[in-house]
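The values are calculated or read from the model by the stated rules, or taken from the named source; none is laboratory data. These numbers come from a predicted model, not from an experiment. Here the Cβ positions follow ideal geometry from the backbone for every residue, glycine too, while neighbour counts run over all protein chains shown. Note: accessible area is taken over every heavy atom of the protein model, side chains too, but ligands, DNA and RNA are not part of it. Shrake-Rupley method; radii C 1.70, N 1.55, O 1.52, S 1.80 Å.
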Amino acid sequence: LGDTKLLKRLQDYPKDNIPASTIKKIQDLQKLDDFQEKRVEKLNKATFAIFKWINAMEAYDRVAKVVAPKRIKLKEAQSEYAVVKKKLDIAQAELKRVMDKIDALVRQQKATEAKKAKLEKGIQDTITKKARAEILLGGLGGEKARWTSIAKDLAIKY
């Protein structure tokens, strides 16, 4: 306990690489009556603090052994997710490209349909104008004969 760097050494202890033999020794100590929390607490604060640290390291090691395979599976799942996500992003980009093309075609179709409707209305207007012109020309055709007759009569009189 007289070591001035003890606290730093405890903080820097490689808790992810505790030898199995050390863990076995700690577990053997934990079975002893003298190594129980209520007894160690009565000794002194420094001893109790080291006791708590030792138990925490053993608990950390126990949990780390359970968590380690899960971390490996997590990394595998994250790698698989990254691959699938990349494929998804590519598919979504392709989908966006196709949807944009569809939108452009829909806009073009609407514009073409509007142009078609305008042309159809123009055709109907032209047909109506033509029919009116034919009626007018038909009426003027009769007038031509009348005017020609009047012109001959006037030419004879004058």
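Residue by residue, here is whether (1) open to solvent by 90 Å² or more (accessible area, probe 1.4 Å); (2) touching a Gly at 6+ places or on another chain (Cβ under 8 Å); (3) assigned to a helix (DSSP H, G or I) holds:
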site	(1), (2), (3)
Arg9	yes, no, yes
Asp16	yes, no, yes
Thr22	no, no, yes
Ile26	no, no, yes
Leu29	no, no, yes
Lys38	yes, no, yes
Leu43	yes, no, no
Thr47	no, no, yes
Ala56	no, no, yes
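Kindly evaluate Ala64 against the criterion of being assigned to a helix (DSSP H, G or I), touching a Lys or Arg at 6+ places or on another chain (Cβ under 9 Å) and either open to solvent by 60 Å² or more (accessible area, probe 1.4 Å) or within 30 Å of Thr4 (Cα to Cα) (or both). Judged against the criteria, Ala64 is a match.
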